[in-house]
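Participant: Encoded as C-alpha cells, here's the structure I'll be asking about.
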Amino acid sequence: MRLSREKIVRLSHVITDVLVASDDVEFIEDRTTIRQNIVEILQDLLKEEEQIETAVRAKITSQKKEIAEGSEEWDVLYRKYYADEMRRLGIVHQQHP
C-alpha cells in the first residue's frame, strides 16, 4: 500500500491523539517526538510491505507459464506467496476470504 507523506503524517496525528486520550498510556517523551516516531514506524512498515509486494510479484512472473494479473490463478498465487513471505519474516498473516 502506498500512502503519501501527508497521509502518513495525518495518521501519526490520529494515532497520537488516541494515545493521549487513553488513560492506559503514559508519555515519557513529548508529543512531537512520539508523533515523529510513529511516522518513522509507519514509513518502515510501508517500505517492508513494498518489498514483500515486489518479492511476491517476482515469484509469480518467474512461473514457467505466463499468469495474467487479475486472473483467479494470479490471485491465488499472490495470496499464497504473500503469506509465505509474511511467515518468512515471522509475521502471522490471516488471509481474508
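Participant: Please identify the helices of the chain, taking whole runs of DSSP H, that span at least 27 Å along their own axis as judged from the Cα atoms and have a mean Kyte-Doolittle score of 0.5 or higher.
Facilitator: In the chain, no H run is both long and hydrophobic enough.
Participant: Same structure again: Over the range 19-97, what is the relative contact order in whole percent, taking alpha-carbon pairs under 8 Å and six or more residues apart?
Facilitator: For the range 19-97, the relative contact order is 20 percent.
Participant: Mind telling me which of 66, 49, 85 comes out most flexible in a GNM of the chain, alpha-carbon contacts under 10 Å?
Facilitator: In the Gaussian network model the winner is 66.
Participant: Would you calculate, for the chain, the mean residue ellipticity at 222 nm contributed by helices, counting each DSSP H stretch of 4 or more residues as -39,500 (n - 2.57) and dividing by all residues, to the nearest 500?
Facilitator: Taking each H run of at least 4 residues, the total per residue is -23500 deg cm²/dmol.
Participant: I would also like to ask the following. Taking all protein chains together and a probe of 1.4 Å, list 76, 9, 18, 56 from the most accessible to the least accessible.
Facilitator: Descending order: 18, 76, 9, 56.
Participant: Among the lysines, which fall within straight-line cross-link reach of residue 47, defined as a Cα-Cα distance under 16 Å, with same-chain neighbours fewer than 8 residues apart omitted?
Facilitator: Hits, sequence-local ones excluded: 7.
Participant: Shifting gears a bit: Of the residues 48, 26, 40, which exhibits the maximal mean-square fluctuation in a Gaussian network model of the chain defined by a 10 Å Cα contact cut-off?
Facilitator: 26
Participant: Can I ask one more? Excluding residue 56 itself, calculate the net charge of residues whose Cβ lies under 10 Å from the Cβ of residue 56, where each Lys or Arg counts +1 and each Asp or Glu counts -1.
Facilitator: Net charge around residue 56: +1.
Participant: In straight Cα distance, which aspartates and glutamates are under 18 Å from residue 59, not counting same-chain residues fewer than 8 positions off?
Facilitator: 48, 49, 50, 69, 72, 73, 75, 84, 85
Participant: What are the semi-axes of the equivalent ellipsoid for the chain, taken as the square roots of 5 times the Cα gyration tensor eigenvalues, largest first, in whole Å?
Facilitator: Output for the chain: semi-axes of 36, 14, 12 Å.
Participant: Can you tell me the accessible area per residue over the chain, all protein chains present, probe 1.4 angstrom, in square angstrom?
Facilitator: 79 Å²
Participant: Straight-line reach from residue 65: which lysines fall under 28 Å, measuring Cα to Cα and dropping same-chain residues less than 8 apart?
Facilitator: 80
The values are calculated or read from the model by the stated rules, or taken from the named source; none is laboratory data. Since the structure is predicted, the reported quantities are computational estimates derived from the model, not experimental observations. Every residue, glycine among them, receives a Cβ derived from its backbone with ideal geometry; neighbour counts consider all protein chains shown. Each accessible area value is taken on the protein alone, full model and side chains, heavy atoms only, with ligands, DNA and RNA left out. Shrake-Rupley method; radii C 1.70, N 1.55, O 1.52, S 1.80 Å.
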